[in-house]
Every structure is written in structure tokens, then in C-alpha cells.
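To start, the structure under review is shown below, and the notes come after it.
The values are calculated or read from the model by the stated rules, or taken from the named source; none is laboratory data. What you are looking at is a predicted structure, and each value in this text was computed from that prediction instead of being measured. Please note: Cβ atoms are built from the backbone with ideal geometry, for glycine as well, and neighbour counts cover all protein chains shown.
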């Protein structure tokens, strides 16, 4: 399961100010986040069974109706990104989540099952699971990741209104760099629901500097390449697949280069003002 936690960033530099070391680090973080995003979306499941998965699988085989073992094995499969196995196991306990005494366990199990269903492109199943999720635990520090998941589930099921509401909640209070990272992560779902242009307008309203606008354009282009690569009918041949991977790599290099240009332009502007 994606870690739902409080994410903090640095304050953006004002236009025309000297580019600080923090500004350089911020731009590097943007590139790193987007790189991680692409890698996580296309990362391969771990081969075979990890020791933890095997341990819970053997225990569940001996006690097949144990809801705690169903949860633990499903969570282990999720950590290994074996989403098909994760979904199959957790579906066995889907109608029994009320048996958990701890509401945090109920929430986590359903969120993992929802994410597994999305990764398996079983969007209606993901919506059914999402509808069973009650309010998140009070101890949850940040709802941004959960709202992002909700946005994608609703949009892939054609509910643009609820999808936009969830997206706006996901980026509420976020700094611009985090907001556009969330936007890119939801891009395929937003496009499916016809909500991409609307959300782009929202982010344009959050862009305070020319550098922000340039980053928004760069992220949009990168998201298009990401969606083309991860589309459901993506190429099956090895040559086509390697070409698609190369295209994504080139896109990331171009994006990092754009960040470098933004840094260089800020530096030149600062020198001229001096």
C-alpha cells in the first residue's frame, strides 16, 4: 500500500531572487518524485515468494478461514507488488472486514484491495471496495494519497464530479511541486473521465511564477508519455516494448534538462538584476 503520510516541502523561491541551494534541491526532488512515480507504476512484482509471503501462505493453508492471516498474506503480496495474488486473497475476506476489532485494520485492508483492483484494471471492483471504506482513521496524518486513489477510482468509472472533488481534496494545501506530481499520477484517470483540462486550469491558477508554468507544461508532456506507455493496449512485441521504455527514459531526461534550464534562467535573471 502506498504510504499515506504527511508530506512537507520547502517554500518556493520568488521570481527574480537568487537561486538558492534549497531551490536546486526542490527541483531535483520534483524530478526524483516523477522518476519514482513512473518506476512504481511499471515496477515488476518480486519473483516467487518472499519469506514473509511464504510464512503467511503456509499459515493460511493450515487455517484457511483466519481473517487475520488473510489480511497479512494480502498485505505481503501487496508489498511484493503481486497484485493479482493480493486481490484474490483479500477478496476472501472482503465481506468479513467487520470482524476486525481495530478500525485501522479494516481501513488498510480495504485500501490495499482497492489499490490491487486498480492495478489489475478491475475498476468496477475497485469502486465496490471503495464504497465499503468508512472514514479514514483519525490518526492518519495526510489524506492526500487516499484522495488521489479515490480520484482515480471515480474517474475510471466515469464519475467526473466525484473524481474532481477527490482530486481537489488531494491537492488542497499542497505546494505546487507536490500538486503537479499528484496531477501526473492521476493523469490517465482524469483523461478517461474528461477532467484533464479542468484540473490543468486549476493548477494554472496555482502557478505563481514563469518557472511554475514551465514545470506544469513539462509535467503535462511527461504524463502524456507515461499514459501512452501504460495504456491497456500497449505494444506486446519486445521491440515495441523496448522502444516505449526508451521513449519514457528520453522524456525523463528532457524533463530534468528543462529543470536545469529553469535554474540557469533564474540565475541569469538574478545576475542582470544585480
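Couple of notes before you dig in:
- Search result, residues across segment 93-108 that are under 14 Å from residue 128 (Cβ atoms) and surrounded by 14 or more Cβ atoms within 10 Å (Cβ to Cβ): 94, 97
- Those residues of segment 167-178 which are without any contact (Cβ under 8 Å) to a residue 40 or more places away in the chain and surrounded by fewer than 23 Cβ atoms within 10 Å (Cβ to Cβ), in sequence order: 168, 169, 172, 173
- No other residue among 156, 146 is modelled with pLDDT of 95 or more, surrounded by 15 or more Cβ atoms within 10 Å (Cβ to Cβ) and either in the same structural domain as residue 105 (by the TED database) or over 18 Å from residue 184 (Cβ atoms) (or both) apart from 156.
Here is a yes/no grid of residues against (1) in contact with a helix residue (DSSP H, G or I) (Cβ under 6 Å, 6 or more places away or on another chain); (2) not in a loop (DSSP other than H, G, I, E, B):
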| site | (1), (2) |
| --- | --- |
| 54 | no, yes |
| 58 | no, yes |
| 64 | no, no |
| 69 | yes, yes |
| 74 | yes, yes |
| 84 | no, yes |
| 89 | yes, yes |
| 95 | no, yes |
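- Residue check for residue 20: within 19 Å of residue 177 (Cα to Cα), out of contact with any strand residue (DSSP E or B) (no Cβ under 7 Å at 6 or more places or on another chain) and at pLDDT below 95: yes
- Residue in segment 198-210 that is closer than 24 Å to residue 97 by Cα, part of a helix (DSSP H, G or I) and in the same structural domain as residue 108 (by the TED database) present: no
- For the residues 90, 60, 69, 73, the requirement of being buried (at least 16 other Cβ atoms within 10 Å of the Cβ), modelled with pLDDT of 55 or more, over 19 Å from the mean Cα position of the chain (by Cα) and closer than 21 Å to residue 148 by Cβ singles out 90.
- Selection count where residues are over 22 Å from residue 121 (Cβ atoms) and in contact (Cβ under 8 Å) with a residue 60 or more places away in the chain, scope segment 181-200: 1
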